There are 2 protein chains.
Amino acid sequence: MAAKTQRNGRRADALSKERIVEAAIDILDRDGESALTFRALAARLSTGSGAIYWHIADKNALLVAAADAVISGVVTDRDGYGSPREAIRMIALSVFDAIDAHPWVGTQLAREPWQPAMVHIFESVGTQLQALSIAEEAQFNSASALVSYLLGLATQYAAVMQLVPRETDRSAFLTAIASQWTQHDPAKYPFVHQIAAQLPEHDDREQFLAGIDLFLAGIDAGRST
Amino acid sequence: MAAKTQRNGRRADALSKERIVEAAIDILDRDGESALTFRALAARLSTGSGAIYWHIADKNALLVAAADAVISGVVTDRDGYGSPREAIRMIALSVFDAIDAHPWVGTQLAREPWQPAMVHIFESVGTQLQALSIAEEAQFNSASALVSYLLGLATQYAAVMQLVPRETDRSAFLTAIASQWTQHDPAKYPFVHQIAAQLPEHDDREQFLAGIDLFLAGIDAGRST
DNA sequence: ACCTGAACACCGTTCAAGT
DNA sequence: ACCTGAACACCGTTCAAGT
């Protein structure tokens, strides 16, 4: 089969960073983090594993690019989407939903806090905080806290998702953890015992939003004093 | 050299889960996560790599045990240490300092949110929240939010620590990131530009505590309404 | 300039064989 | 019961050789 030639003189099926990242995302979504190997990636792209290194530095750079591709598509400009507080809630939910759809993104964001995807989120949240009238130093602290919270919950959620992707498994998994928690000595772990009952039924997305609101309430309280 | 025999009939230098975990912590502290291999561990314990599997299931179980060993020693009972709010700040700082001393713990906590070390932290924080008079469901949400924040910031901090352990390197590293941030288009990244100046000088521990206080203020605000 | 694929230097884990 | 260490089935990455 003759290779198609495009106007730019490259073969239509030539490798490129974009095609590699796209294929990587596909593998990650379909079969999880452990399935992404350079051999699997090369096979899917019908090329040699060494070829990938011509377009991308290493596996870490590939994961950074993949996470950024997902987050960039999701964290967009929020100007004119209501109050800053509404906008922050929407940004946070966007990231949450992105990780719900691509659990490996949660893991990847935690790996390098300074990667483009994180800078994107930080900027997004920060711009909205600027709109609230709080001191500059408080803005840095607030943005950092919000992003940390976002990242922390996303990571936990992603960890569970990676292990038990499907809905029914998830509920069973949480029930198993809850019953494991109640094995502990109730005298030593009273809180864990109390919460175990709520664990299998709780809605992660709702709980995530409750945390964001707690933060926003805290920022508000700081403003009025 | 004859093997010493203890009263329990085991050789004094016999392998045990405790000795393995101890050696693992030592390797992780000294040379970082990538240095912990079963071969290195076996060499340090003067045994075969297969022997370790008699005492511990796999590498994941080893990391879980190592993280729990560190956290258990640090997150202790906080009753009578002042107000619940004071106690929560102290617990959070204890975890922060533990991760400062053992960066790999931050990475490990994020890997499995249901591991013993995390349950420990969750219980610790939760007990203090119970002391505040907030609704049961709000307790779950608040504890989850606090622990998520703790985990998120710890993970980020650990990621930087793993890459640049020493103080001077750290400052240089943050300066490099800040100057990389200012390369971005100021029109697209106004907040990141504003914050870049503060990045190299900011105190992580202080910022961490500021986030905790934001949370506590938010919880307080919810109580009074 | 871009791609191939064998080779290198590792991993975690298993398991027959020893004591 | 506990330990040994070779062997297995992988990795990411490199690099001489091709086009």
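Since every read-out is calculated from the coordinates, none of them should be taken as a lab result. In this text the structure is predicted, and so the values were computed from the model without any measurement. Glycine also receives a Cβ, built like all others from the backbone with ideal geometry; neighbour counts cover every protein chain displayed.
Given +1 at the Cβ of Lys and Arg, -1 at the Cβ of Asp and Glu and no other charges, the dipole of the protein assembly as shown around its Cα centre is 1600 debye to the nearest 20. Contact order, relative form, for chain B: 16 percent (alpha carbon pairs under 8 Å, 6 or more residues apart, mean separation divided by residue count).
Between B:Ala40, B:Leu150, B:Gln183, the Cα set farthest toward the positive side of the dipole of chain B (charges on each charged residue's Cβ, about the Cα centre) is that of B:Ala40.
The phi torsions of the range B:145-161, fed into the Karplus equation with coefficients 6.51, -1.76 and 1.60 and a -60° offset, translate into couplings of 5, 4, 5, 4, 4, 3, 5, x, 5, 4, 4, 4, 4, 4, 4, 5, 4 Hz, rounded to whole numbers, with Gly and Pro shown as x. Taking DSSP loops as anything outside H, G, I, E and B, show the longest stretch in chain B free of trypsin sites (Lys or Arg not before Pro) there with at most 13 other beta carbons within 10 Å. That gives B:11-165 as the longest site-free run. Summing charges over all other residues whose Cβ lies under 14 Å from the Cβ of B:Ala24, with Lys and Arg as +1 and Asp and Glu as -1, gives -2. Computed from phi, the 3J(HN,Hα) profile of the range B:110-120 under the Karplus parametrisation 6.51, -1.76, 1.60 (θ = phi - 60°) reads 6, 5, 9, x, 9, 5, x, 4, 6, 4, 4 Hz, with x in place of Gly and Pro. In chain A, the longest principal axis of the Cα atoms and the axis of helix A:84-101 are about 60 degrees apart. Computed from label points 7 Å out along Cα-Cβ, the spacing between A:Ile134 and A:His184 is 3.1 nm. Backbone amide hydrogens, once placed in the peptide plane, bring B:Leu15 within less than 5 Å of nothing, excluding anything fewer than 5 places away on its chain.
Take the Cα coordinates of the protein assembly as shown, assign each an equal point scatterer, and use the Debye formula without solvent to give log10 I(q)/I(0) at q = 0.10, 0.12, 0.13 Å⁻¹. The computed values of log10 I(q)/I(0) come out as -0.79, -1.11, -1.28. Helix A:167-181 axis versus longest C-alpha principal axis of chain A: approximately 50°, rounded to the nearest ten. If Lys and Arg each add +1 and Asp and Glu each add -1, what is the summed charge of the other residues whose beta carbon sits under 15 Å from the beta carbon of A:Phe173? Counting the neighbours of A:Phe173, the net charge comes to -3.
Overall shape of the range B:123-190 was characterised from the C-alpha gyration tensor. The equivalent ellipsoid obtained from it has semi-axes of 37, 18, 8 Å, in decreasing order.
Here the 3J(HN,Hα) profile of the range B:130-138, calculated from phi with Karplus coefficients 6.51, -1.76 and 1.60 at θ = phi - 60°, is 4, 5, 6, 8, 10, 4, 4, 5, 5 Hz, Gly and Pro shown as x.
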